[in-house]
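The values are calculated or read from the model by the stated rules, or taken from the named source; none is laboratory data. All values reported here derive from a predicted model rather than from experimental measurement. Here the Cβ positions follow ideal geometry from the backbone for every residue, glycine too, while neighbour counts run over all protein chains shown. Side chains included, ligands, DNA and RNA excluded: accessible areas come from the protein's heavy atoms. Shrake-Rupley method; radii C 1.70, N 1.55, O 1.52, S 1.80 Å.
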Amino acid sequence: MDFDVVVAGSGIAGLSFAIDAAEAGLKTCIVTKKGGDESNTNYAQGGIACVTSESDDFERHIEDTMTAGAGLCDSEVVREVVKDGPARIEDIQRLGVEFSKLSDGRVSLGKEGGHSKRRILHVEDMTGRAIEKAYLDAVRNHPNIDMREHSVAIDLITLRKIKKFGYTTDEVEDRVVGLYTYDDINNKVETLRAKAVVLATGGIGYSYQYTTNPEIATGDGIAMAYRAGVEVRNMEFIQFHPTALFTNSDERFLISEAVRGEGAVLRDHRGQAFMKKYHPLKELAPRDVVARAIDSVMKKTGDQHLWLDSTGIPSEKFKERFPNILAACERIGVNPSQDWIPVVPAAHYLCGGIRTNLDAETTLKGLFACGEVACTGLHGGNRLASNSLLEAVVMAHRGAQRVIEFSKSENLPTVEVPEWVDGNVQDSDERGVLAHSLDELKRAMWDYVGIVRTTKRLERARTRIQNLAREINDYYWNFKVETKLIELRNMIQIADLIVQSALQRRESRGLHYTLDYPSEMSDPHDTILRRG
Ligand code: FAD
Ligand code: SIN
């Protein structure tokens, strides 16, 4: 099957990229591994950060982003993303998203950690759901888009790879020529040929035992890119959200930072508000600071969770602003206007990823990446709250303009792409093994590669990950591909990249905090990994 562009992923990044490409007349395919709306985007609560108010300005948003980023933000990227924001917000509104308004008709702007101004546009506390729905409606009605649900990207097809199968070419530079995907309904592998491939497969949160992310967040795009020799950077910077709802299960529903933005206070088991000891901005300090403070208080007291006291927010206001959070609290018998909410940190967002430039180009020709899968340099060592939806939509637009240009200007020779070969494989009869390996991986990541790290813990994680990698590789080449196997292989690869990067960073900076190197080095640097 031939396309101008194949996009993997149907969150905000993939969908907005596809719409722009299709609008320009490109034959566009979207593959997405579950139903179209199953994405991190769909769960985004707080909103999208953008300068839209007259009392705000670009310089403040730039400064807040750079301060949160702990010396590692790329200032040009920060400036461009922040400045492109208002135009992209208009695109979102044109697709039918109506941001919440105040009673006087002005757009309601939320506040979150690290922001010096109210600048978060939101749709109640279900911003992502509203955006996802509007984009999916546009995609499903578009004549130039072939939308394939339950279609799992397995691996990139590159010239370098197919040369190994005997393909000959005069082209010296490697480039991407397509994508192998697994059709999860009909259990078969498909070969999609394309001039450009876009990875918009989102983050990695599901590699951790406790996470706010849904099951799709298994790092597939980053693992595929790494296997294809593409550069990935700063994989050690995992953002832990300070306030996920504590329950006895592994599930971690997010209690948006916007609740703290409206005045909620963190309290320890004695009822003391402790954040003033850790940062002058208290509950609205950057996320790394708040998550570490909670971790430290919990370790001191041995408590399983702390409390978020939102009883100061009038109940009518809570109901209007946070209906989804209210419903989640009520499901566990908590009334946030009267009771304190039990909260714990949980893995939330990956600041590192596939290295891209400001046109969403990766280090492999024809391969683009945008959204959480990518590392543009916007977030540096710690993402400012609600900057990720902004980054995704800005970078998808910029990338799409580049793909449109690329597919018109590049005269690419047609390539015979070999079909997927299953080899000597059999149906899996050991699904239990996959489930156990997944549990082991998620536990190791939580226990040894968490908020506070040490070299010894990271090395322990590395040993476990290497054992799992050996087992799963053996399994991968001897059994038929299936979604769980594809994902587990990718998660193990991602865990290895996170640990490698964390061991390389011999300092504490932003989201990477290690007791063995508690200070910042004087020269901020990226960690870059590339398969040789
Ligand atoms: P996603 O939205 O995660 O989409 C990835 C897509 O790729 C999915 O469709 C997935 O199914 C698909 N996919 C994955 N692997 C494959 C594969 N192998 N083959 C095919 N398809 C694949 N950010 C903010 O800025 N503001 C917020 O308020 C906010 N709140 C959040 C709340 C929660 C609970 C969570 C989890 C995150 C939140 N974030 C927020 C972060 C933000 O939602 C994400 O960073 C952003 O939505 C990522 O968008 P994306 O398009 O890159 O990826
Ligand atoms: C939240 O609403 O607290 C999440 C915001 C984000 O992750 O940017």
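Table: residues versus (1) free of Cβ contacts under 8 Å to residues at least 40 places away in the same chain; (2) under 30 Å from E507 (Cβ atoms).
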site	(1), (2)
S10	no, no
S16	no, no
A22	no, no
K27	no, no
T32	no, no
Y43	no, no
A70	no, yes
V77	no, yes
P86	yes, no
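For the condition under 26 Å from E361 (Cβ atoms), surrounded by fewer than 23 Cβ atoms within 10 Å (Cβ to Cβ) and not hydrophobic (A, V, I, L, M, F, W, C), what is the one hit in R193, R140?
Numbers: R140 fails: under 26 Å from E361 (Cβ atoms).
Only one candidate passes the filter, namely R193.
Would you check if there is a residue in segment 10-26 being over 28 Å from R355 (Cβ atoms) and open to solvent by 10 Å² or more (accessible area, probe 1.4 Å)?
yes
Does D359 fit the bill of being open to solvent by 10 Å² or more (accessible area, probe 1.4 Å), away from ligand 1 (no atom under 12 Å from the Cβ) and over 21 Å from G261 (Cβ atoms)?
Yes, satisfied.
Looking for whichever is under 24 Å from T211 (Cβ atoms) and of a type in the set (K, R) here; the options are K27, K33. Which one fits?
K33
Given the condition among the aliphatic types (A, V, I, L, M), out of contact with any Pro (no Cβ under 8 Å at 6 or more places or on another chain) and open to solvent by 60 Å² or more (accessible area, probe 1.4 Å), answer yes or no: does some residue in segment 100-111 qualify?
yes
Would you mind telling me which numbered condition in (1) without any contact (Cβ under 8 Å) to a residue 24 or more places away in the chain; (2) within 16 Å of ligand 2 (Cβ to nearest atom) G202 fails?
Looking at each condition in turn, G202 falls short on (1).
Of everything in segment 506-532, what is of a type in the set (V, I, T) and either farther than 21 Å from E231 by Cα or modelled with pLDDT under 95 (or both)? Give them in sequence order.
The answer is T514, and nothing else.
Can you list the strands (runs of 3 or more DSSP E) found entirely within segment 201-310 that contain at least 1 residues being open to solvent by less than 30 Å² (accessible area, probe 1.4 Å) and within 11 Å of ligand 1 (Cβ to nearest atom)? Please lay out each step first, then the result.
Details: elements: 238-245, 265-267, 306-309.
Result: 238-245.
Please verify whether V394 is touching a residue at least 40 places away in the same chain (Cβ under 8 Å), more than 21 Å from E23 (Cα to Cα) and open to solvent by less than 10 Å² (accessible area, probe 1.4 Å), treating the condition exactly as stated.
Criteria not met by V394.
Can you go through I341, I294 and tell me which one is among the hydrophobic types (A, V, I, L, M, F, W, C) and over 25 Å from the mean Cα position of the chain (by Cα)?
On the way: I294 fails: over 25 Å from the mean Cα position of the chain (by Cα).
One residue alone meets the criteria, I341.
How many residues are near ligand 1 (Cβ under 8 Å from one of its atoms), in a loop (DSSP other than H, G, I, E, B) and either crowded, with 22+ Cβ neighbours inside 10 Å or not charged (D, E, K, R) (or both) when one looks only at segment 31-69?
9
If you go through segment 175-190 one residue at a time, how many are over 26 Å from the mean Cα position of the chain (by Cα) and either among the polar types (S, T, N, Q) or open to solvent by less than 10 Å² (accessible area, probe 1.4 Å) (or both)?
Result for segment 175-190: 2.
If E520 meets every condition in (1) outside any loop (DSSP other than H, G, I, E, B); (2) surrounded by fewer than 20 Cβ atoms within 10 Å (Cβ to Cβ) apart from one, which number is that one?
(1)
Looking only at strands (runs of 3 or more DSSP E) that fall completely inside segment 326-399, which ones have 1 or more residues that are out of contact with any helix residue (DSSP H, G or I) (no Cβ under 8 Å at 6 or more places or on another chain) and either at pLDDT below 95 or of a type outside the set (K, R) (or both)? If you could, list the steps in order and put the result at the bottom.
Values: elements: 341-350, 353-355, 367-369.
The qualifying strands (runs of 3 or more DSSP E) are 341-350.
Taking R398 and the conditions (1) in contact with a strand residue (DSSP E or B) (Cβ under 9 Å, 6 or more places away or on another chain); (2) within 16 Å of ligand 1 (Cβ to nearest atom), which numbered condition does it fall short on, given that it satisfies the others?
It fails just one condition, (1).
Is it fair to say L121 is hydrophobic (A, V, I, L, M, F, W, C), open to solvent by 50 Å² or more (accessible area, probe 1.4 Å) and modelled with pLDDT of 95 or more?
The answer is no for L121.
Go through segment 321-343 residue by residue and tally those that are open to solvent by 10 Å² or more (accessible area, probe 1.4 Å), touching a residue at least 40 places away in the same chain (Cβ under 8 Å) and either among the β-branched types (V, I, T) or out of contact with any Phe, Trp or Tyr (no Cβ under 7 Å at 6 or more places or on another chain) (or both).
Of the residues in that region, 4 qualify.
Would it be correct to say that E372 is more than 16 Å from ligand 1 (Cβ to nearest atom) and open to solvent by 10 Å² or more (accessible area, probe 1.4 Å)?
No; evaluated as a whole, the condition is false for this residue.
Among the residues of segment 400-424, what is the count of those that are out of contact with any Lys or Arg (no Cβ under 6 Å at 6 or more places or on another chain), outside any helix (DSSP H, G or I) and β-branched (V, I, T)?
Looking only at that region, the number is 3.
Quick one: R453 ticks every box in (1) within 20 Å of the chain's Cα centre (by Cα); (2) within 20 Å of A347 (Cβ to Cβ); (3) not acidic (D, E) bar one, so which box is it?
The single condition R453 does not satisfy is (1).
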